[in-house]
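Below: the structure, in structure tokens.
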Amino acid sequence: MKDTQITSFLDSVGAHFDGAFAHMSLSKGLAERIKATNSIYRVTFGVRLRGELISFTGWRAVHSEQIEPVKGGIRYAPDATGEEVEALAALMTLKCAVAGVPFGGSKGALCIDPREWNELELEKITRRFTQELARRGLISPGRNVPAPDMGTGEREMAWMADEYRRISPLETLNAAACVTGKPLSRGGIAGRTEATGRGVAYVLAEHCETSEGANALAGKRIVIQGFGNVGSHAAHVLADEYGARITGIIERDVVLTREEGIDIAALRAHLAQGGSLVDFDGAEAQPVTPEALCTECDILIPAALENVITSENASRINARIVIEAANGPIDFEADRILQERGITVIPDLCANAGGVIVSYFEWVKNLTHMPFGLMERRITQRRFSHVADLIQSATNQAIPSRVRSDLADSGSELDLVRSGLEEMIRAAYRRIAQRLAEQPELGSLRCAGYVLAIEEVANAYRDLGI
């Protein structure tokens, strides 16, 4: 790959594409088609608020439509840009291909600081943004399906779905599928909010168990940068279900440390009651410094923004494994430095795919209009009951009622969602790891993942005659 100046997130993603192309035999035209963003729309609209007309700017990028609908979140951030949205859309194409979900890649953003507006104002802004997207076919159950991202959540998705239903009367039957990440009362699915963070934990467990065996995460020292939705859920699952020690949490205004491990359940309860990280008394609180990311640990989880690990600090990262819970937290040059230092990087296109996997489940649920597990629940219960009867008859010993109940339990929607998420995201990691084992010249899990994903997209284009 020829040397190019990497100056932005989009440049970094493009350089990773070029690095993968160097190991593939694609025609120049097909490689350019796969790398390029299909389209990006910039919309500026006015909303009358606080006695005046205020303008807002938003973007929706469609990277690849090799499979429709395209999928990707919408973030609300004061520093959002069109280039950032393009880069995120490209990552969504790769993420969907690696995870095996039938979506192309898209992404959106609105340049806004949601903290500056009250709930009624945000609803009005969100509904107007939805109108602009719908007018251009950028929100639709069969064409483009947004989801939550940084600065948005269930509330914003409910507003978008309701506005889409209102302005698209011909699609009322499947209108709920126009977005995912909705609240349960509006057609959402159990487990969507936790999905990205839980998926990070599953991928990390798969990686460590492959090399170290069962219970490999028990006692591991983990530092997490960003304790929002993704970081907090990843911390909870890693500590509660895998026995890891969360020894550090890095946020904008504070660093929490405790070598014995921070009590994540207590911290989450403290925050839910209106407390802050600064006044949490279960860990030592210190001011944030540039060296916080370089704290010694076994595993570092950047779960906040892109480009937080760069050529300036990559040489000082003091972890054996870095897993990208955020999108693009390691820039291109830093990725090269970490690889040279022998630090394993588990890339975002697999590590944080949990959100889009469970979004896929929600989308299917909305289109089928049927709760997960409904059709098979009773027959599964009867089958396990028959098995229990046979075991009891053969052993001439009664099976405890609690055990019988557990055997007959076919699982709630949350159980099924977690099971499906774990199966799909662990399988995605195994495919990447297997490709790297077969082609060690690829050099990293990231390059192996890019090659795998690009092959999927290339095959889809070829099947379409492109």
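The values are calculated or read from the model by the stated rules, or taken from the named source; none is laboratory data. Because the structure is predicted, anything quoted here is derived from the model rather than measured. Here Cβ is always computed from backbone atoms with ideal geometry, including for glycine, and neighbour counts include all displayed protein chains.
A compact table of results
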| quantity | calculated |
| --- | --- |
| Test set (1) closer than 27 Å to Ile425 by Cα; (2) buried (at least 20 other Cβ atoms within 10 Å of the Cβ); (3) not basic (Lys, Arg) - Leu256 fails condition number | (1) |
| One residue from Leu133, Leu122 being in contact with a Pro (Cβ under 7 Å, 6 or more places away or on another chain), buried (at least 17 other Cβ atoms within 10 Å of the Cβ) and not acidic (Asp, Glu) | Leu122 |
| From the options Glu306, Glu324, Glu362, residue that is at pLDDT below 95 and within 22 Å of the chain's Cα centre (by Cα) | Glu306 |
| Given (1) surrounded by 23 or more Cβ atoms within 10 Å (Cβ to Cβ); (2) assigned by TED's automatic domain parsing to the domain that holds Arg127, number of the condition Val230 does not satisfy | (2) |
| Filter result for Ile454 (without any contact (Cβ under 8 Å) to a residue 40 or more places away in the chain and of a type in the set (A, V, I, L, M, F, W, C)) | no |
| Selection count where residues are of a type in the set (Ser, Thr, Tyr), over 19 Å from Met92 (Cβ atoms) and modelled with pLDDT of 95 or more, scope region 27-57 | 3 |
| Scope region 207-245; condition among the aliphatic types (A, V, I, L, M) and within 19 Å of Val345 (Cα to Cα); matching residues | Ala216, Leu217, Ile222, Val223, Ile224, Val230, Ala234, Ala235, Leu238, Ala244 |
| Lone unmet requirement of (1) farther than 28 Å from Asp11 by Cα; (2) in a loop (DSSP other than H, G, I, E, B) for Arg115 | (2) |
| Test: residue in region 172-188 that is assigned to a strand (DSSP E or B) and more than 20 Å from the chain's Cα centre (by Cα) | no |
| Residue in region 286-307 that is outside any strand (DSSP E or B), more than 23 Å from Val322 (Cβ to Cβ) and not hydroxyl-bearing (Ser, Thr, Tyr) present | yes |
| All positions within region 293-332 that are surrounded by fewer than 21 Cβ atoms within 10 Å (Cβ to Cβ), polar (S, T, N, Q) and farther than 23 Å from Glu212 by Cβ | Asn307, Thr310, Ser311, Asn313, Ser315 |
| Residue that is farthest from Leu122 (Cα to Cα), among those in region 139-169 that are part of a loop (DSSP other than H, G, I, E, B) and among the β-branched types (Val, Ile, Thr) | Ile139 |
| Any hit, region 148-160, residues being of a type in the set (Gly, Ala, Ser), assigned by TED's automatic domain parsing to the domain that holds Leu49, touching a residue at least 24 places away in the same chain (Cβ under 8 Å) and out of contact with any Asp or Glu (no Cβ under 9 Å at 6 or more places or on another chain) | yes |
| Yes/no for Thr152 being touching a strand residue (DSSP E or B) at 6+ places or on another chain (Cβ under 7 Å), closer than 24 Å to Gly228 by Cα and among the polar types (S, T, N, Q) | yes |
| Which listed residue, of Val70, Val98, Val62, Val85, is touching a helix residue (DSSP H, G or I) at 6+ places or on another chain (Cβ under 6 Å), buried (at least 17 other Cβ atoms within 10 Å of the Cβ) and not assigned by TED's automatic domain parsing to the domain that holds Arg462 | Val98 |
| Within region 208-227, tally of residues that are in a strand (DSSP E or B) and either crowded, with 21+ Cβ neighbours inside 10 Å or out of contact with any Lys or Arg (no Cβ under 7 Å at 6 or more places or on another chain) (or both) | 4 |
| Any helices (runs of 4 or more DSSP H) falling wholly within region 374-453 and containing at least 3 residues that are in the same structural domain as Glu333 (by TED's automatic domain parsing) and touching a Gly at 6+ places or on another chain (Cβ under 6 Å) | 413-438 |
